[in-house]
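Visitor: Let me begin by handing over the structure; questions about it come next.
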Amino acid sequence: MSTTTRHGIGALLRQPGFAALLTYRITAMLSYQIVAVTVGWHIYEITRNPFSLGLIGLAEVLPYFCVAPFAGYLVDHLPRRRLGMVACLGLVATAAVLVAVAMGGLPFEGVWPIYLAIALTGMVRAFLSPIYNALFARVLAREQFASGAGFGSVVFQAGMVIGPALGGALVGWGGKGLAYGVATGMAMLAMAALALLKVDEPPPPPTRAPIFASIAEGARFVLGNQIMLGAMALDMFSVLLGGVVAMLPAFIREILHYGPEGLGILRAAPALGSVCVGLWLARHPLHRNAGRTLLFAVAGFGLCVIGFGLSQHFWLSAAVLLFYGACDGVSVVVRSTILQLATPDEMRGRVSSINGIFISSSNELGAFYAGSMARLLGLVPAVVVGGCAVLGVAGVTAWKAPQLRRLNLRDLQ
């Protein structure tokens, strides 16, 4: 079989279980993203305060941090498919609570019930990616990991394109209750996809190490791998300092003057850029000069953050966010490939959970950081300062992490 045939998208989808696993990933992401865009609009509609948008990230990331280490341990020691179905049931419960809030079905007022539902989402999300990453390695051959990571990124980002656009359209057309109801249905589809997934899971370990010792073993593995740790830290600090997505509801209302449909478009634009990059990398896996390409992509990410902060035109902002997502997509694919190639199968849950903590540090804590900076400096200055900080992160990483700078992915195979 030729290399092109072996690594083509058709060959990936012909692997038993891979299509079902991707269905799980995109429907879970659709559920989460519809909730995310609706919650942002819901809370800002009540408070009209950018700082309250930053609190969304804080309400999600704190429970995530508390649960993630234990989630990784459970993924490594329990049947992964069944554990994923339970996690999807948690997504169903979260969306159902938000339906009740939006429809006035709860005897509570204010925004705290919404933040409580977001906290539940954070706990559930701690399981979703470790389960996907652990099952990923069971449905693809090792030489297909680079292409599979690229195509998996496409599916993930497709959920981030469709989910926000769909969420914004549903809010504008039928209201918040309808949007939350559709999110409930998507979570149920994700659970059904895992129920239908046929995969040969490894037997549980004959003896279980003490839970905290097992978690510490996963942490030591990551901290001892300079390339993996460097890629995770680079992504974390760049998105932590340069994330703009959490501030989009405020930009829409105060600067760009669009409604919820415009919010959906702007939320979807970064993911659309990532989809384009992921499709290219699925067909043309990045093996040589992967580290150098990663560093250039992060620098481009920082420039896009600055450009978005200075833009006052809706479609120009959308175009900048498209390139912003393309640069971020390179980072996602490279980091995912490193994660799959460098991690032993018996540690995939714990290592993936640690990777998730890095990602959540950048996304959810980044949302809190962005809200705090916007409150102190104003929307535009906060975003521009963040973009300049990302350029600094890329430069320092290129200087201090020569192994990552010289990385060729073939060296890990």
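Visitor: List the helices (runs of 4 or more DSSP H) that sit entirely inside segment 50-143 and contain at least 3 residues that are without any contact (Cβ under 8 Å) to a residue 60 or more places away in the chain and not aromatic (Phe, Trp, Tyr).
Guide: 80-102, 112-139
Visitor: When you scan segment 27-55, how many residues do you find that are open to solvent by 30 Å² or more (accessible area, probe 1.4 Å) and within 16 Å of the chain's Cα centre (by Cα)?
Guide: Residues that pass the stated criteria total 1.
Visitor: Looking at segment 302-313, can you tell me whether even one residue there is free of Cβ contacts under 8 Å to residues at least 60 places away in the same chain, farther than 12 Å from Ala269 by Cα and open to solvent by 50 Å² or more (accessible area, probe 1.4 Å)?
Guide: Yes: segment 302-313 contains one or more residues that are free of Cβ contacts under 8 Å to residues at least 60 places away in the same chain, farther than 12 Å from Ala269 by Cα and open to solvent by 50 Å² or more (accessible area, probe 1.4 Å).
Visitor: Is it the case that Val182 is open to solvent by 10 Å² or more (accessible area, probe 1.4 Å), of a type in the set (A, V, I, L, M), in contact (Cβ under 8 Å) with a residue 24 or more places away in the chain and not in a helix (DSSP H, G or I)?
Guide: The answer is no for Val182.
Visitor: Failed condition for Ile162, given (1) open to solvent by 30 Å² or more (accessible area, probe 1.4 Å); (2) in contact with a Lys or Arg (Cβ under 9 Å, 6 or more places away or on another chain); (3) within 30 Å of Gly386 (Cα to Cα); (4) not polar (S, T, N, Q), with all others met?
Guide: The one condition Ile162 does not meet is (2).
Visitor: Looking at Leu272, Leu266, which one is modelled with pLDDT under 90 and either surrounded by 24 or more Cβ atoms within 10 Å (Cβ to Cβ) or of a type in the set (Lys, Arg) (or both)?
Guide: Just one listed residue meets the conditions, Leu266.
Visitor: Would you confirm, using the coordinates I've provided, whether Leu62 is aliphatic (A, V, I, L, M), surrounded by fewer than 18 Cβ atoms within 10 Å (Cβ to Cβ), modelled with pLDDT of 80 or more and in contact with a Gly (Cβ under 9 Å, 6 or more places away or on another chain)?
Guide: Spelling it out, Leu62 is indeed aliphatic (A, V, I, L, M), surrounded by fewer than 18 Cβ atoms within 10 Å (Cβ to Cβ), modelled with pLDDT of 80 or more and in contact with a Gly (Cβ under 9 Å, 6 or more places away or on another chain).
Visitor: Kindly indicate whether Leu407 is surrounded by 20 or more Cβ atoms within 10 Å (Cβ to Cβ), within 24 Å of Gly150 (Cβ to Cβ) and touching a residue at least 24 places away in the same chain (Cβ under 8 Å).
Guide: Spelling it out, Leu407 is indeed surrounded by 20 or more Cβ atoms within 10 Å (Cβ to Cβ), within 24 Å of Gly150 (Cβ to Cβ) and touching a residue at least 24 places away in the same chain (Cβ under 8 Å).
Listed here are the residues, each with its yes/no results for (1) open to solvent by less than 30 Å² (accessible area, probe 1.4 Å); (2) modelled with pLDDT under 80; (3) in contact with a Phe, Trp or Tyr (Cβ under 6 Å, 6 or more places away or on another chain).
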| position | (1), (2), (3) |
| --- | --- |
| Leu365 | no, yes, no |
| Ala370 | yes, no, no |
| Leu376 | no, no, no |
| Val380 | no, no, no |
| Val396 | no, no, no |
| Lys400 | no, no, no |
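The values are calculated or read from the model by the stated rules, or taken from the named source; none is laboratory data. Predicted model, so just to flag it, every value in this text is computed and none were measured. Every residue, glycine among them, receives a Cβ derived from its backbone with ideal geometry; neighbour counts consider all protein chains shown. Each accessible area value is taken on the protein alone, full model and side chains, heavy atoms only, with ligands, DNA and RNA left out. Shrake-Rupley method; radii C 1.70, N 1.55, O 1.52, S 1.80 Å.
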